[in-house]
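Working notes for the structure below.
The values are calculated or read from the model by the stated rules, or taken from the named source; none is laboratory data. Owing to the predicted nature of the structure, the values given are computational and were not obtained by experimental measurement. Note that we place each Cβ from the backbone using ideal geometry, even for glycine, and neighbour counts take in every protein chain shown. SASA here: full protein model, heavy atoms, side chains in, ligands and nucleic acids out. Shrake-Rupley method; radii C 1.70, N 1.55, O 1.52, S 1.80 Å.
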Amino acid sequence: NKPPAAPGETVLGFMVDDVDATVAALIEAGARITVPALEMSEHRLKLAYAADLDGHIIEILQTL
């Protein structure tokens, strides 16, 4: 077995219905927002990035 990825080594992505609500829930759970929610209208996406309590990167995506 391989050891788990080091913090910052991988990105775990989630498609969600509401990026803003998910960001709020992550903040409440102690995550640090590294890229605030932004819209990429050319790609019809809204996204944000966070780091969990251990420093692992979380990508949150919403289809617009």
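Can you name every residue in the stretch 23-33 that is surrounded by 12 or more Cβ atoms within 10 Å (Cβ to Cβ) and under 14 Å from Ala51 (Cβ atoms)?
Selection gives Val23, Leu26, Ile27, Ala31, Arg32, Ile33.
Quick one: Gln62 ticks every box in (1) over 10 Å from the mean Cα position of the chain (by Cα); (2) of a type outside the set (D, E, K, R); (3) not in a strand (DSSP E or B) bar one, so which box is it?
(3)
Could you list all residues from the stretch 1-21 that are in contact (Cβ under 8 Å) with a residue 12 or more places away in the chain, open to solvent by 90 Å² or more (accessible area, probe 1.4 Å) and not in a strand (DSSP E or B)? Even if it seems obvious, please write down each step before you answer.
Step one: of the stretch 1-21, the residues in contact (Cβ under 8 Å) with a residue 12 or more places away in the chain are 5, 7-8, 10-20.
So of that shortlist, the ones also open to solvent by 90 Å² or more (accessible area, probe 1.4 Å) come out as 12, 14-15, 17.
Answer for the stretch 1-21, where residues must be in contact (Cβ under 8 Å) with a residue 12 or more places away in the chain, open to solvent by 90 Å² or more (accessible area, probe 1.4 Å) and not in a strand (DSSP E or B): just Asp17.
Which condition number in (1) open to solvent by 60 Å² or more (accessible area, probe 1.4 Å); (2) at positive phi; (3) not hydrophobic (A, V, I, L, M, F, W, C) is the one that Gly55 fails?
(1)
Which residue is farthest from Thr10 (Cα to Cα), if the candidates are limited to the stretch 22-55 and must be in a helix (DSSP H, G or I) and not small (Gly, Ala, Ser)? Can you show your working first?
Applying the first criterion (in a helix (DSSP H, G or I)) to the stretch 22-55 yields 22-28, 41-43.
Applying the additional criterion that residues be not small (Gly, Ala, Ser) yields 22-23, 26-28, 42-43.
Numbers: Thr22: 20, Val23: 19, Leu26: 18, Ile27: 20, Glu28: 23, Glu42: 26, His43: 23 Å.
Within the stretch 22-55, the match that is farthest from Thr10 (Cα to Cα) is Glu42.
Report yes if some residue within the stretch 38-47 is hydroxyl-bearing (Ser, Thr, Tyr) and open to solvent by less than 70 Å² (accessible area, probe 1.4 Å); otherwise report no. Step through it out loud before you land on a result.
Looking only at the stretch 38-47, we keep the residues that are hydroxyl-bearing (Ser, Thr, Tyr), and these are 41.
Pick out the ones that are also open to solvent by less than 70 Å² (accessible area, probe 1.4 Å) and you get none.
No, the stretch 38-47 has no match at all.
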